[in-house]
Each structure stands twice: as structure tokens, then as C-alpha cells.
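Trainee: Pasting a structure below so you can have a look.
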Amino acid sequence: MKLDETDKEIIRHLQQDAKLTTKELAGRLNLSPTPVYERVRRLENEGVIKKYVALVNREKVGKDLMVLCNIRLKEHAQEAGAKFVKAIVSMPEVTECLNISGDYDFLLKVVVTDMREYQSFIMNKLASLENIGSTQSIFVMGEIKSETAFDPD
């Protein structure tokens, strides 16, 4: 889908504040509400805007430990990989899962309350998956930059 400058501006504004009303958004773009409404709906319908979410401060809800967990699979057959992905997607501790190249096959972002909960996650959930060859845990000491928005240019 080809985005024009107005579409890009709509995306930028909504990434900063998804609660903007159509009227407020139109005011920021110096347009009338009807065409802005139609553009937003088109961006949603075409899948450019996937969904609207509330970003929660994980530490304020007691999720103080973030771990990046590298996973190497034993077997790379399509069925085995699909089974792994299905299991990982269902784990609430895993907030992101990336299929990567290099020494490992997947990178998981795991958010838990503390080391004890992470150990339980590793021992009771990850270890129960039959296709895991090895793991490597990287403990995050501090987040320097954490953004969900990106420039659509």
C-alpha cells in the first residue's frame, strides 16, 4: 500500500496518542473530520494500523525482571518449528518472539516478577518443550530506549 504524507502524519499522531478523536486528529492535520475518518478506517482495513493498545509500565505492575532468552532448536523441520512457535505464543511471560539468524534460532523477550519466577519459567515451561537444544539468558539491567512507534517514511 502506498502511503501519502497525510497517511504518514495520521500514523505518527496515532502512534503518539491512539486515543485522539477523529475531530482532534483532523484539527492537528488541518483537515475536516470526514476525510480523516475515512483515511483512518482505510489504514485499519488494509492492516497498516493493526490494533490500538495501552502500554503498561511493567515495573508499576511488579514485573521487574526482563530477560532476553536465546533459543537453539534441536530440529529445524517445519512441523517441529511450528510446534515450538505455537507453544511460545501461548506463554504470557513471553512478550516478544523473534525468529533470528546466527548461532540461535529464536530470541524471546521474557518479563517476570523476579529471578525465582524466571527459574520456574525455564524449568517448568521452556524445559517441557521437546525441541529445545540450548538456551542462553541475558538479564536486562536497564532499558535505555524502548519505543513502539516508528517513522513510516
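Trainee: Compute the signed sum of charges (Lys and Arg +1, Asp and Glu -1) over the other residues within less than 15 Å, Cβ to Cβ, of residue 67.
Mentor: On the way: positive: 58, 63, 109, 116, 125; negative: 59, 64, 93, 96, 114, 117, 143.
Residues near residue 67 contribute -2 overall.
Trainee: Ok, one more. Restricting to DSSP H runs of at least four residues, report the calculated mean residue ellipticity at 222 nm for the chain, -39500 (n - 2.57) per run over all residues, nearest 500 deg cm²/dmol.
Mentor: After summing the helix terms and dividing by residue count, I get -10000 deg cm²/dmol.
Trainee: Let me ask something else. Taking the Cα of residue 95, stepping 7 Å toward and past its beta carbon, and measuring to each backbone N in the stretch 111-130: which are under 14 Å?
Mentor: In the stretch 111-130, the label zone of residue 95 (backbone N under 14 Å from the point 7 Å along Cα→Cβ) covers 111-114.
Trainee: Further question on the same structure: In sequence order, what are the phi-derived ³J(HN,Hα) couplings for the stretch 11-27 according to the Karplus relation 6.51 cos²θ - 1.76 cosθ + 1.60 with θ = phi - 60°, rounded to whole Hz, with x for glycine and proline?
Mentor: Values per residue, Gly and Pro as x: 4, 4, 5, 5, 5, 7, 7, 6, 8, 4, 6, 4, 5, 5, 4, 4, x Hz.
Trainee: Hand me the chymotrypsin sites (Phe, Trp or Tyr not before Pro) from the stretch 1-110 located in a DSSP loop with no more than 13 other Cβ atoms within 10 Å, in residue order please.
Mentor: On the way: sites: 37, 52, 84, 104, 106; in loops: 52, 104.
Sites meeting the loop and neighbour criteria: 52.
Trainee: Determine the per residue accessible area of the chain with all protein chains present and a 1.4 angstrom probe, expressed in square angstrom. Working shown, then result.
Mentor: Values: 10650 Å² over 153 residues.
I get 70 Å² per residue for this part.
Trainee: Across all directions of projection, what mean area in square nanometres is found for the Cα convex hull of the chain?
Mentor: The Cα convex hull of the chain, projected and averaged over all directions, gives 11.7 nm².
Trainee: About its Cα centre, how strong a charge dipole does the stretch 5-145 have in debye, to the nearest 20, once Lys and Arg get +1 and Asp and Glu get -1 at the Cβ? Display every interim value, and only then the final one.
Mentor: Working: 21 positive and 20 negative charges, 70 e Å.
Here the size comes out at about 340 debye.
Trainee: Can you tell me what share of the DSSP beta bridges in the chain is antiparallel? A percent to the nearest 5 is fine. Before the final figure, lay out each step's value.
Mentor: Details: 19 of 19 bridges.
Here the antiparallel bridges make up roughly 100 percent for the chain.
Trainee: Give me, ordered by chain and number, the residues 5 or more places off residue 63 or on other chains with an amide H under 5 Å from its own placed amide H.
Mentor: none
Trainee: Tell me which lysines have Cα within less than 26 Å of residue 109's Cα, excluding those fewer than 8 residues away on the same chain?
Mentor: Straight-line reach from residue 109, under 26 Å: 50, 51, 60, 63, 74, 83, 86, 125, 145.
Trainee: Right, next: Which Cα, out of 97, 13, 47, lies furthest along the positive dipole direction of the stretch 10-108 (beta carbon charges, K/R +1, D/E -1)?
Mentor: The one lying farthest along the dipole's positive direction is 13.
Trainee: May I pose another question? List the relative contact order of the chain as a percent without decimals, with contacts defined as Cα pairs under 8 Å and 6+ residues apart.
Mentor: Averaging sequence separation for qualifying contacts and normalising by length gives 28 percent for the chain.
Trainee: State the extension gain, in nm to one decimal, for the chain segment bounded by residue 129 and residue 114, taking 0.36 nm per residue of separation less the distance between their alpha-carbons. Provide the component values of the computation, followed by the final result.
Mentor: Details: separation 15, 0.36 × 15 = 5.40 nm, distance 2.21 nm.
Taking residue 129 through residue 114 to full extension adds about 3.2 nm, to one decimal.
Trainee: Still on this model: Points 7 angstrom from Cα along the Cβ direction at residue 141 and residue 21: gap in nanometres?
Mentor: Result for the modelled spin labels: 4.8 nm.
Trainee: Run the paramagnetic zone check for residue 48: 7 angstrom along Cα to Cβ, then residues of the stretch 2-30 with backbone nitrogen under 12 Å.
Mentor: 2-14
Trainee: Summarise the accessible area of the stretch 42-120 (1.4 Å probe, protein heavy atoms) by the percent that is carbon and sulfur.
Mentor: With neighbouring chains kept in place, the figure for the stretch 42-120 is 52 percent.
The values are calculated or read from the model by the stated rules, or taken from the named source; none is laboratory data. All figures in this text were calculated on a predicted structure; none of them were measured in a lab. Methodologically, a virtual Cβ is constructed for each residue, glycine included, from the backbone with ideal geometry; neighbour enumeration extends over all protein chains shown. The protein model used for the area step is the full one, side chains on, heavy atoms only, and it has no ligands, DNA or RNA in it. Shrake-Rupley method; radii C 1.70, N 1.55, O 1.52, S 1.80 Å.
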